[in-house]
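Student: This is the structure I have questions about; it appears just below.
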Amino acid sequence: MVHMKTRKNTDDELRASVMKEMAKPRMPRSAKIAELKLDSSRIPEPPSTSVPGTVDRIFPSPGLSQPERAQIGMDLPDKGFRDIRIENSLTDEFGDDVRLKKGAKVEVTVTRSKE
């Protein structure tokens, strides 16, 4: 007979947990997602990756209005995107203009933009 009492206690606990869950306000999934996005303590960072690379070439500017470009070779296993070209007019953390030189070691960080 002791076995029946323990089973009744677990049934009561289960019933209480269901009642507690049902007492919460119902909210559609889209509203829950919107609420999470508005929460200032949960600021999601966009996905990004960093890859080491080396400056392979410097292309001089074709005209006065266009800046020179630097070609960076990255150490990637995918052969499709090993080289990128960027403008060679950068700024450092102090706001000074800097330029890349051939053979310089760089780290390329690619980040998804927010739409």
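Student: What number goes with the only condition from (1) closer than 19 Å to LEU100 by Cβ; (2) outside any loop (DSSP other than H, G, I, E, B) that SER61 does not pass?
Tutor: (2)
Student: Find all pairs meeting these conditions: Cβ atoms under 9 angstrom apart; at least six residues apart or on different chains; first residue within the stretch 89-115 and within 18 Å of GLU68 (Cα to Cα); second residue of a type in the set (Ser, Thr, Tyr) and loosely packed, with under 12 Cβ neighbours inside 10 Å.
Tutor: Cβ pairs passing all conditions: ASP97/THR91; VAL98/THR91.
Bear in mind that the values in this text are calculations on the coordinates, not laboratory data. None of the values given here were measured: they were computed from a predicted structure. Methodologically, a virtual Cβ is constructed for each residue, glycine included, from the backbone with ideal geometry; neighbour enumeration extends over all protein chains shown.
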